[in-house]
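Here's the structure, in structure tokens; my notes come after.
The values are calculated or read from the model by the stated rules, or taken from the named source; none is laboratory data. All values reported here derive from a predicted model rather than from experimental measurement. Reconstructed Cβ throughout: ideal geometry from the backbone, glycine too, with neighbour counts over all protein chains shown. Heavy atoms of the whole protein, side chains included, go into the accessibility calculation; ligands, DNA and RNA do not. Shrake-Rupley method; radii C 1.70, N 1.55, O 1.52, S 1.80 Å.
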Amino acid sequence: MIVLVTGGSGSGKSAFAEEKVLSFGEARRIYIATMYPFDLESRKRVDRHRKMRAGKKFETVECYTNLKDLILPKDSVVLLECMSNLTANEMFQEKGAGEKTVEEILEGISQISKEVRHLVIVTNEIFSESMDYEGETETYQKYLGEINRQLAEISEEVYEVVYGIPVLVKGEMRSEKIME
């Protein structure tokens, strides 16, 4: 099963995605971290997310580019966080896919989804502001928008987290309690 979780910055999407992984029961839990810790602020964010996951039995795998090269345990439940970082990495890092970013990421997700029991993907909702950008920022938005659209299409469940409240956009609400 693929579950897509989106929301704005600080919306609670990461916490919800972690609880979603836990709702699948006992399993080997893999957290694929895509944020490249390039400065103090990003290192603080990485530390904050590690503290959020503490005690939840996640194994962390850092993957900044080339998602399709990951080999994961067959019966694991995977949390991939997040598409906005992975997209930027693929576009701008030396070992990234550049103009082939969309294809590279979608191929990696396809490969992972065939290997694991469940895949929960976190992405960012960056499109609600109506600002015009040019150049690389416009290309980034185009790529992330296409990735998000295609992920929503292939996902069995899609949630948007708004102010800490998960809203089911696609799929059926299951009876288990996800967030308190």
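One residue stands out among those in segment 117-144 that are aliphatic (A, V, I, L, M) and under 15 Å from the mean Cα position of the chain (by Cα): the one that is modelled with the lowest pLDDT, which is ILE126.
Would you confirm, using the coordinates I've provided, whether LEU168 is outside any helix (DSSP H, G or I) and at pLDDT 95 or above? The answer is yes for LEU168. Going by the conditions given, is TYR31 touching a His at 6+ places or on another chain (Cβ under 9 Å) and outside any helix (DSSP H, G or I)? Answer is yes for this residue.
Each residue in segment 94-110 was checked for being part of a loop (DSSP other than H, G, I, E, B) and open to solvent by less than 30 Å² (accessible area, probe 1.4 Å), and 2 pass.
Look at segment 1-26: where a residue is of a type in the set (Gly, Ala, Ser) and a partner is in a helix (DSSP H, G or I) and open to solvent by 10 Å² or more (accessible area, probe 1.4 Å), sitting 6+ places away or on another chain with Cβ atoms under 6 Å, you get GLY7/LYS13. Return a yes/no flag: does segment 34-44 have any residue that is open to solvent by less than 70 Å² (accessible area, probe 1.4 Å), more than 28 Å from GLY135 (Cβ to Cβ) and either outside any helix (DSSP H, G or I) or not small (Gly, Ala, Ser) (or both). There is no residue in segment 34-44 that is open to solvent by less than 70 Å² (accessible area, probe 1.4 Å), more than 28 Å from GLY135 (Cβ to Cβ) and either outside any helix (DSSP H, G or I) or not small (Gly, Ala, Ser) (or both). Of all residues in segment 33-56, those satisfying the criterion of being among the hydrophobic types (A, V, I, L, M, F, W, C), without any contact (Cβ under 8 Å) to a residue 40 or more places away in the chain and within 21 Å of GLN93 (Cα to Cα) are PHE38, LEU40, VAL46. Counting the residues of segment 132-154 that are among the hydroxyl-bearing types (Ser, Thr, Tyr), in a helix (DSSP H, G or I) and over 20 Å from GLY7 (Cα atoms) gives 1. Taking the criterion of being at pLDDT 90 or above, surrounded by fewer than 17 Cβ atoms within 10 Å (Cβ to Cβ), of a type in the set (A, V, I, L, M, F, W, C) and over 17 Å from VAL120 (Cβ atoms), the residues of segment 45-92 that qualify are ILE71, PHE92.
Criterion applied to GLU125, GLU104, GLU90 was being in contact (Cβ under 8 Å) with a residue 60 or more places away in the chain and in contact with an Asp or Glu (Cβ under 8 Å, 6 or more places away or on another chain), and the one residue passing it is GLU125.
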